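Undergrad: Could you have a look at this structure, given as structure tokens, before my questions?
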Amino acid sequence: MTDWIDIGTLADIPQRGARTVRIEGEPDIAVFRTGDDRVFALVNECPHKKGPLSQGIVHGHSVACPLHNWNIALASGEAQGADSGCTPTIAVRKEDGRILLARPEAMKDAA
Amino acid sequence: MEFQDGIEPTTDYEDMLIVPSGDVREHLVVVGNGMAGCRAVEELLARDAGRYRVTIFGAEPHVNYNRIMLSPVLAGEKTFEQIVINTREWYDDSGIELITADPVTAIDRAARTVTARSGRTVHYDRLLIATGSDPFIIPVPGKDLPGVISFRDMHDVDTMLAAAEAGKAAGGGSAVVIGGGLLGLEAAHGLTLRGMKVTVIHLMPTLMERQLDEAAGWLLKSALESRGQTILTGADTAEIYGGGKVEGVRLKDGREIPASLVVMAVGIRPSVGLARAAGLEIGRGIKVDDHMVTSDPAVLAVGECVEHDGNVYGLVAPLWDMCRSLADGLTDRHTGYRGSVTSTKLKVAGLDVFSAGDFSGGEGCEDIVLRDAARGVYKRVVVKDDRIVGAVLYGDTADGGWYFDLLKKGESVADIRDLVIFGQAYAVLGASGGGALDPKAAVAALSDDAEICGCNGVSKGLVLGCIKAGACSLDAVRASCKASASCGSCTGLVENLLMLTLGGDVEAGPKTLCKCTSFTHDDVRREIVAQDMKSIPEVMQKLHWSTPDGCSSCRPALNYYLLCALPGEYVDDQQSRFVNERMHANIQKDGTYSVVPRMWGGLTNPRELRAIADVVEKYEAPMVKVTGGQRLDIFGIKKEDLPAVWADLNAAGMVSGHAYGKSLRTVKTCVGSEWCRFGTQDSTGLGVKTERMTWGSWMPHKFKIAVSGCPRNCAEATIKDFGVVCVDSGYELSVGGNGGIKVRATDFLCKVSTEEEALEYCAAFIQVYREEARYLERTAPWIERVGVEYVKSRVVEDDAGRKALAARFLHAQSFSQEDPWAKRASGDRVDLHRHLEPLVPQELAAAE
Ligand code: SRM
Ligand SMILES: Cc1cc2nc3c(=O)[nH]c(=O)nc-3n(C[C@H](O)[C@H](O)[C@H](O)COP(=O)(O)OP(=O)(O)OC[C@H]3O[C@@H](n4cnc5c(N)ncnc54)[C@H](O)[C@@H]3O)c2cc1C
Ligand code: SF4
Ligand code: FES
């Protein structure tokens, strides 16, 4: 069973933007909100050279990496177009207006 | 839900204790005389009319009516009588005991009884809970004031009509509707028609954001505004104020909107209180299986109060499906409910809005977008694996039903993929009626006088004439007969005509702004001004963008073009800015930032140096470096520390150096006549004045200036975007230099004799560049393109033109010379700098 962490509401994330979640012992997680209010979570590292994806321009369901402009699909973490590479995705869901993030495995063991 | 007081139950207590003698049928008791409860009974009667004895409890004082038609009742299009579904006679004829105005207050599952507010207790064999939803009331001060209502039942409609009447007596009242969703907008529409001045307050940036995307939301907002409503998006209610009754609403940003009526329509919650108290299993709603049976086999539930397979619904279509499965189950047929896909239409006369399925897309989804600005139409169909999964239609919803049908059936649209967006008539009927599916053949089949370009009234014959007369590219056609030159929706048609006539000889047009549009940068800039466009969604709609919200190339460009066209009016879209401009610092390869405070003309002093030194130590910056632009760069600052760093630098009088911006960077100076034995003028002083005048401006690309005190040119003025070389008799001005990737020395512009003139020419030159260059085009390539003679004709030869340009620049500057650091340091957009705080799960907290 997946454990879920409550990280706030949709309004906490700017539309076409992202915010990061920091969990002890884990890589930073970027939580994105698209123009149509979908929410996606990825590890905050570009598959190219680890650029912080949370700081990129969100368009459609992709984010353009702030360092060298690779486009990463938010749903799959895959680089698009000619570039190749993949960033891990994290399950996220909306429930009763709250955003819930799947708790990373490592943290579950610790608890 | 609040029950209406003062209404007496229709049947008295004594009657109900009498069980009709000899009736041995199972007793089905229904709680809730709304749309689902009553429909379930209808379905049951249709299957087996005599099987159950039925009693219905309703909290409202009415027979069952069509709740969705409350909007037309409010708008004056229907009367209450016209929306009644079942009359008293129907209940009587069907042998149903209807108890109105008496809400059930408790369920005793062990004893199998329900008790109502009047005290009446009834035994059941099967219980059906159909309590619907409760309007969500946002917990702000004043929410309980008289005059604050929701929009759920006939009583609410009566309250609104009374408020409108009272308003009329007082010369037109004012109402605030909180919530810009379906319900809120229908309430606002009705109240407007009833003569009230209506303001809609919506928390999100787009109206009906759950059903519509940004483009359709923008269209809807414009249409409602043109009908006289005030729509405030991104507006958060702080408080409802008034002494004894509502007097108005105060927003978090301090704005006050006076109103004698406040309608809260921010959402609904399944009404589960009764079921929860009875110990039934509850999730977001009352949990039911495929036959609408709850965790207690004797208790069923249906309608908005239930949760089925993780879903709760707020529309009627799913209720009908649920009621069928429920009635099947009660009569031993086992079909089972499998969930519903829903579609939405807004019931506001003259505004056609439709949305269905999951239009928000996702992995593997493709958007097909059609925008017809002339007709005010926006259509978006989302296709995944050749199947329609969602649709948003605005302005022309005729094909909504067709798309919804394709969506529900999951039929493949592979064969009609290219035409599906034009609707059923074109995609299917055209094909079966002998018309070819190939758009090129369709264009070929058009008669010569068929209209191609609606905006400019250009016929096919005219376009063909132009092509035959030598127009070999889209651009040439646009230039010669204006077809496709305005909104661009006929671009595909014109391109097909070119292909048909010229085959492979069509010349590629100039590069378009990006893949989202068929227009070039210049086209877009021209049309923004010509059509007086004011926002990114508006540009995308009017110029037929092929994507719903653009890409990382066009968004920053459009943001700049609008900013330049509408100084002081356009609200910058931060999400359309590259990271550096959004964070007001330069991102580094490790994700930290560098901070470069402005040092006017390269001058500094102990106070500034001390502040920088303190920041370096306090925030443990790993490096501080003198830049090539005569100032200091502090490296390795974390995004969460940026506001504090800026606050410290601000305290010493320093502002952002915009080392990150498509804007003025530095004004490099040399020592000049004040100290240098060769200096002819005060180059340092002029540099400082120039920087004070130009800092903070947004431009197509970065812009650098230098002022050298003599022709030895120690400030390298001849490789800057604008360079000044001082000589004995005045100032030599030159433009278009670049010291970067491709070195280019400046072109000489002219010589002037005073500092004032030098500043005026500088401002005028920057403004032509701002107004005419393409986004991300520096002055060097721009001048290579347009020629220095053109620049001279605008800035040197045309005195009045130069003054006007300079005045426009200074006007724009009056809005942009605000230190972005000071704003952020004082708390603006903290969300950009802070991590989200996860709420620590219970068991974790305990483990720590
Ligand atoms: C900090 C600095 C280097 C230094 O340590 O001295 C610098 C650093 C960067 N330069 Fe530069 N440039 C710096 C002076 C220059 C100069 C010299 C000057 O201004 O006199 C030039 C050549 C002059 C010119 O621009 O014509 C210069 C030509 C470039 C170019 C090429 C521009 C071109 O048109 O060819 C780029 C790339 C670009 O802008 O697309 C660039 C881009 C960059 C970027 C912003 C790379 C990037 O996109 O992230 C570097 C950011 C580093 C950082 O995070 O701070 N930098 N850069 C200098 C900052 C000056 C300042 O105080 O603001
Ligand atoms: C103004 C308006 C416009 C709408 N427009 C549309 C539309 O265009 N399209 C669409 O699909 N949907 C629309 N809806 C939504 C639609 O009306 C609902 O989905 C539908 O009414 C839900 O049916 P229900 O039976 O679950 O709840 P309801 O119809 O609300 O019925 C529940 C009934 O139970 C009663 N009740 C509650 N608690 C008790 C109790 N303890 N004892 C006795 N009785 C109780 C309530 O008073 C209510 O009468 C609209 C709703 C409103 C308010
Ligand atoms: S020259 Fe290259 S490496 Fe050096 S600061 Fe400029 S962009 Fe970065
Ligand atoms: S690190 Fe993301 S594109 Fe290079």
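The values are calculated or read from the model by the stated rules, or taken from the named source; none is laboratory data. The shown structure was predicted, so the numbers you read here are calculated from the model rather than taken from an experiment. Methodologically, a virtual Cβ is constructed for each residue, glycine included, from the backbone with ideal geometry; neighbour enumeration extends over all protein chains shown. Each accessible area value is taken on the protein alone, full model and side chains, heavy atoms only, with ligands, DNA and RNA left out. Shrake-Rupley method; radii C 1.70, N 1.55, O 1.52, S 1.80 Å.
Undergrad: Where the second residue is among the aromatic types (Phe, Trp, Tyr) and the first is closer than 16 Å to A:His61 by Cβ and lies in the range A:78-93, which pairs have Cβ atoms under 7 Å and are six or more apart or on separate chains?
TA: Short answer, once both residue conditions are applied: A:Ala79/A:Trp70; A:Val92/A:Phe40.
Undergrad: Having 1 or more residues that are over 20 Å from B:Thr694 (Cα atoms), under 32 Å from the mean Cα position of the chain (by Cα) and within 14 Å of another protein chain (Cβ to nearest Cβ) is the bar; report the helices (runs of 4 or more DSSP H) wholly within the range B:537-653 that clear it.
TA: Where helices (runs of 4 or more DSSP H) fall fully within the range B:537-653 and carry at least 1 residues being over 20 Å from B:Thr694 (Cα atoms), under 32 Å from the mean Cα position of the chain (by Cα) and within 14 Å of another protein chain (Cβ to nearest Cβ), they are B:554-565, B:579-583, B:642-651.
Undergrad: Given the conditions (1) within 30 Å of B:Asn311 (Cβ to Cβ); (2) crowded, with 17+ Cβ neighbours inside 10 Å; (3) at pLDDT 90 or above, and given that A:Leu53 satisfies all but one, which numbered condition is not satisfied?
TA: (1)
Undergrad: Something else: Please indicate, with yes or no, whether at least one residue in the range B:831-847 is open to solvent by 20 Å² or more (accessible area, probe 1.4 Å) and more than 14 Å from chain A (Cβ to nearest Cβ).
TA: no
Undergrad: Out of A:Val21, A:Val92, A:Val39, A:Val63, report the one residue that is within 12 Å of ligand 4 (Cβ to nearest atom) and within 11 Å of the chain's Cα centre (by Cα).
TA: None of the others qualify; the one that does is A:Val63.
Undergrad: Ok, one more. Against the condition among the basic types (Lys, Arg), open to solvent by less than 30 Å² (accessible area, probe 1.4 Å), within 16 Å of ligand 1 (Cβ to nearest atom) and over 26 Å from B:Ala613 (Cβ atoms), how does B:Lys668 come out, does it pass?
TA: no
Undergrad: Just to verify a result, which residue in the range B:289-330, among those that are free of Cβ contacts under 8 Å to residues at least 60 places away in the same chain, on the phi < 0 side of the Ramachandran plot and within 14 Å of chain A (Cβ to nearest Cβ), is farthest from ligand 1 (Cβ to nearest atom)?
TA: B:Glu307
Undergrad: Looking at the range B:723-739, which of its residues are within 47 Å of the chain's Cα centre (by Cα) and within 16 Å of ligand 1 (Cβ to nearest atom)? Even if it seems obvious, please write down each step before you answer.
TA: Of the range B:723-739, the ones within 47 Å of the chain's Cα centre (by Cα) are B:723-724, B:733-739.
Once the filter is applied, which keeps residues that are within 47 Å of the chain's Cα centre (by Cα) and within 16 Å of ligand 1 (Cβ to nearest atom), the range B:723-739 yields B:Gly723, B:Val724, B:Ser734, B:Val735, B:Gly736, B:Gly737, B:Asn738, B:Gly739.
Undergrad: Since A:Gly97 meets every condition but one in (1) touching an Asp or Glu at 6+ places or on another chain (Cβ under 8 Å); (2) at the interface with chain B (Cβ under 9 Å from one of its Cβ atoms), which condition does it not meet?
TA: Answer for A:Gly97: the failing condition is (1).
Undergrad: Suppose we filter the range B:768-780 for residues that are over 17 Å from B:Thr718 (Cβ atoms), within 12 Å of ligand 1 (Cβ to nearest atom) and either within 14 Å of chain A (Cβ to nearest Cβ) or not acidic (Asp, Glu) (or both); how many remain?
TA: Selection size over the range B:768-780: 1.
Undergrad: Looking at the range B:331-360 only, could you name the residues that are of a type in the set (A, V, I, L, M, F, W, C) and out of contact with any strand residue (DSSP E or B) (no Cβ under 7 Å at 6 or more places or on another chain)?
TA: B:Val348, B:Ala349, B:Leu351
Here is a yes/no grid of residues against (1) in contact (Cβ under 8 Å) with a residue 12 or more places away in the chain; (2) within 16 Å of ligand 2 (Cβ to nearest atom); (3) farther than 26 Å from B:Phe815 by Cβ; (4) open to solvent by 30 Å² or more (accessible area, probe 1.4 Å):
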position	(1), (2), (3), (4)
B:Val645	yes, no, no, no
B:Met654	yes, no, no, no
B:Leu686	yes, no, no, no
B:Arg692	yes, no, no, yes
B:Gly696	yes, no, no, no
B:Cys710	yes, no, yes, no
B:Glu716	yes, no, yes, yes
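Undergrad: Now for a different question. Hand me the list of helices (runs of 4 or more DSSP H) wholly inside the range B:423-500 holding 2 or more residues that are modelled with pLDDT of 80 or more.
TA: In the range B:423-500, B:460-468, B:474-481 are the helices (runs of 4 or more DSSP H) which contain 2 or more residues that are modelled with pLDDT of 80 or more.
Undergrad: Let me ask something additional. Does A:Ala75 meet the test of being more than 10 Å from chain B (Cβ to nearest Cβ), in contact with a strand residue (DSSP E or B) (Cβ under 9 Å, 6 or more places away or on another chain), open to solvent by less than 50 Å² (accessible area, probe 1.4 Å) and closer than 21 Å to A:Leu101 by Cα? I'd like the intermediate steps shown before the answer.
TA: Values: more than 10 Å from chain B (Cβ to nearest Cβ): no; in contact with a strand residue (DSSP E or B) (Cβ under 9 Å, 6 or more places away or on another chain): yes; open to solvent by less than 50 Å² (accessible area, probe 1.4 Å): yes; closer than 21 Å to A:Leu101 by Cα: yes.
So A:Ala75 fails the test.
Undergrad: Could you run through the range B:549-573 and say how many residues are in contact (Cβ under 8 Å) with a residue 60 or more places away in the chain and closer than 24 Å to A:Gln80 by Cβ?
TA: 3
Undergrad: Name the one entry in B:Lys720, B:Lys742, B:Lys704 that is within 12 Å of ligand 1 (Cβ to nearest atom) and either within 14 Å of chain A (Cβ to nearest Cβ) or modelled with pLDDT under 95 (or both).
TA: On inspection, the qualifying residue turns out to be B:Lys742.
Undergrad: Filter the range A:28-40 down to the residues that are under 22 Å from B:Glu640 (Cα atoms) and aliphatic (A, V, I, L, M), then identify the one that is nearest to the other protein chains (Cβ to nearest Cβ).
TA: Within the range A:28-40, the match that is nearest to the other protein chains (Cβ to nearest Cβ) is A:Val31.
Undergrad: B:Gly350 - would you say it is small (Gly, Ala, Ser), open to solvent by 10 Å² or more (accessible area, probe 1.4 Å) and over 24 Å from A:Thr34 (Cα atoms)?
TA: yes
Undergrad: Counting only residues that are surrounded by fewer than 14 Cβ atoms within 10 Å (Cβ to Cβ) and free of Cβ contacts under 8 Å to residues at least 60 places away in the same chain, which one in the range B:72-87 is farthest from the chain's Cα centre (by Cα)?
TA: Among them, the one singled out is B:Thr87.
Conditions (1) part of a loop (DSSP other than H, G, I, E, B); (2) facing chain B (nearest Cβ under 7 Å); (3) among the small types (Gly, Ala, Ser), marked per residue:
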| site | (1), (2), (3) |
| --- | --- |
| A:Asp6 | no, yes, no |
| A:Pro14 | yes, yes, no |
| A:Ala18 | no, no, yes |
| A:Glu26 | yes, no, no |
| A:Leu42 | no, no, no |
| A:His48 | yes, no, no |
| A:Ser54 | no, no, yes |
| A:Val63 | no, no, no |
| A:Ala82 | yes, no, yes |
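Undergrad: Out of (1) farther than 20 Å from B:Val667 by Cα; (2) in contact with a Ser or Thr (Cβ under 9 Å, 6 or more places away or on another chain); (3) aromatic (Phe, Trp, Tyr), the odd one out for B:Phe748 is which?
TA: B:Phe748 satisfies every listed condition except (1).
Condition check ((1) modelled with pLDDT under 95; (2) assigned to a helix (DSSP H, G or I); (3) under 43 Å from the mean Cα position of the chain (by Cα)) across all residues:
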{"position": "B:Ala46", "(1), (2), (3)": "yes, yes, no"}
{"position": "B:Gly50", "(1), (2), (3)": "yes, no, no"}
{"position": "B:Ile56", "(1), (2), (3)": "no, no, no"}
{"position": "B:Glu60", "(1), (2), (3)": "no, no, yes"}
{"position": "B:Ile68", "(1), (2), (3)": "yes, yes, yes"}
{"position": "B:Glu89", "(1), (2), (3)": "yes, yes, no"}
{"position": "B:Ala106", "(1), (2), (3)": "no, no, no"}
